[in-house]
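Reviewing the structure listed below.
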There are 2 protein chains.
Amino acid sequence: MDIGGRLRAVRESRGMSQRDLAGRAGLTSSAISLIEQNKSSPSVASLKRLLDAIPMNLSEFFSVVEQDVVPKYFYAPDEYIELSPQDAGMGDGAARVSLRQLGDASRHALQVLHESYPPGADTGPELLSHDGEEAGIVVSGVIEVTVADQVRVLNPGDGYLFNSQLPHRFRNIGDVPCVVISACTPPTF
Amino acid sequence: MDIGGRLRAVRESRGMSQRDLAGRAGLTSSAISLIEQNKSSPSVASLKRLLDAIPMNLSEFFSVVEQDVVPKYFYAPDEYIELSPQDAGMGDGAARVSLRQLGDASRHALQVLHESYPPGADTGPELLSHDGEEAGIVVSGVIEVTVADQVRVLNPGDGYLFNSQLPHRFRNIGDVPCVVISACTPPTF
DNA sequence: TCGTTGCGTTCAGTATATTTGACGACCGGC
DNA sequence: GCCGGTCGTCAAATATACTGAACGCAACGA
């Protein structure tokens with residue numbers, strides 16, 4: 001939790017001096033100096049004023065991600081990571097569901113999956129996970145989705161978007177596999 | 001910036017009392033009471049101790065989105081919001097690109113798009129945006145993607161995943177439209 | 001060699017966050 | 001009614017963040 005180092009990096013990347021930033025944020029350069037040396041821990045109110053002056057929001061500020069040494073941006077189908085429905089918190093009825101994940105989610109803020117549900121597949125009520133959000137679009141086939149107390153049958157082109165904390169369930173009620181491309185943030189498994 | 005209300009909501013969703021949380025976080029319940037009433041603005045150090053005890057990380061804490069009164073989870077194709085390539089920071093070569101967005105991204109942490117690039121479409125080098133990440137999977141057609149100094153041609157099933165701060169560009173170099181389902185976090189336009 | 005300008009840091013004093021200890025309100029059991 | 005327990009809040013004391021005025025340093029030009 002190197003708040004000071006992070007603040008200094010952000011400030012310098014904007015080409016501001018401590019006094020510049022102090023002026024815009026309505027603080028003093030002394031305070032910024034102490035914060036950047038981790039000699040004081042700013043109140044949220046003060047940190048927000050600093051970030052407003054940069055500008056950057058608090059959520060961004062705290063979600064620093066390391067960059068790969070040789071960054072990898074592209075993935076062929078056979079490079080996807082196969083996830084087990086179990087790890088994803090799905091029930092026994094989802095044993096044959098294919099979950100293929102783009103890249104290494106543990107190193108990213110965004111998790112994208114290529115999901116294929118065979119006919120009859122049923123995730124069962126999934127365990128609650130993080131505070132993140134989940135969304136997806138149906139590419140082919142038909143799937144019944146339950147979120148909290150709502151049930152809907154989604155056709156190709158339809159989508160869903162909800163808070164991951166809500167109980168949710170996917171069932172392929174058709175007779176052909178259903179392919180869905182989905183995204184979560186932050187990664188939940 | 002209702003830090004207090006947010007903290008109270010999170011604490012109560014975990015079924016903790018102020019004293020419970022105080023015990024686990026090494027603070028006192030009085031401090032929590034004042035913070036929840038927005039009568040004091042916690043230092044980042046204190047807030048982190050509180051969130052560690054919940055547990056939740058700072059980034060998640062600050063990326064709060066309002067929940068609809070009657071929450072909407074499902075979207076038909078005609079309910080998608082049509083975005084203009086201009087607003088997305090794309091160049092003139094992308095005028096005919098179709099960008100259809102799931103839900104109202106300004107109220108969510110996750111933005112999912114159904115994108116269709118006609119033959120010859122070219123976004124040009126896109127403007128840098130937030131600190132978030134961008135990812136997607138090609139559904140049909142062929143597209144050339146440039147990220148920083150890397151160029152790749154992606155076929156159906158291929159995907160991409162990179163930090164939104166990197167310069168990036170999409171070009172449909174085939175002779176049929178290319179459909180991509182993409183996700184960003186946090187929403188950038 | 002100066003004086004000036006701009007940088008980050010330090011220090012004593014002030015404002016504010018946090019603790020300690022107490023209060024009233026509520027609830028279930030007797 | 002009257003407990004014992006738990007809840008959130010409040011008031012005074014203490015710890016800590018922040019201010020305002022210094023300091024030392026390096027770069028630049030007269």
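The values are calculated or read from the model by the stated rules, or taken from the named source; none is laboratory data. Remember, predicted model here, so these are calculated numbers, not experimental data. Neighbour counts are summed over all protein chains in view; Cβ atoms, including those assigned to glycine, are modelled from backbone coordinates with ideal geometry.
Pull up the stretch A:19-35, narrow it to residues that are of a type in the set (S, T, N, Q) and more than 12 Å from residue A:7 (Cβ to Cβ), then point me to the one that is farthest from DNA strand D (Cβ to nearest atom). Of everything passing the filter in the stretch A:19-35, A:29 is farthest from DNA strand D (Cβ to nearest atom).
Of all the listed residues (A:98, A:29, A:13), the sole one being surrounded by 14 or more Cβ atoms within 10 Å (Cβ to Cβ), modelled with pLDDT of 75 or more and not assigned by TED's automatic domain parsing to the domain that holds residue A:124 is A:29.
Scanning the stretch B:41-55 for residues that are within 26 Å of residue A:50 (Cα to Cα), of a type outside the set (D, E, K, R) and buried (at least 17 other Cβ atoms within 10 Å of the Cβ) yields a count of 8. Cβ separations smaller than 8 Å between residues 6+ apart or across chains give the following pairs from the stretch B:37-53 residues that are facing chain A (nearest Cβ under 7 Å) to residues that are assigned to a helix (DSSP H, G or I) and of a type in the set (Gly, Ala, Ser): B:41/A:45; B:41/A:46; B:42/B:31.
Only one of B:63, B:59 is more than 16 Å from DNA strand C (Cβ to nearest atom), modelled with pLDDT under 75 and among the hydroxyl-bearing types (Ser, Thr, Tyr). Can you tell me which? Step by step, each of B:63, B:59 is checked, and only B:63 is more than 16 Å from DNA strand C (Cβ to nearest atom), modelled with pLDDT under 75 and among the hydroxyl-bearing types (Ser, Thr, Tyr). Every test in (1) more than 13 Å from residue B:44 (Cβ to Cβ); (2) under 28 Å from the mean Cα position of the chain (by Cα); (3) more than 10 Å from chain B (Cβ to nearest Cβ) is passed by residue A:59 save one, and that test is (3).
State the number of residues belonging to the stretch B:1-16 that are within 21 Å of the chain's Cα centre (by Cα) and either more than 13 Å from chain A (Cβ to nearest Cβ) or charged (D, E, K, R) (or both). Qualifying residue count for the region: 2. Tell me which residues, restricted to the stretch A:1-52, are near DNA strand C (Cβ under 7 Å from one of its atoms) and outside any helix (DSSP H, G or I). Within the stretch A:1-52, A:17, A:37, A:39, A:43 qualify.
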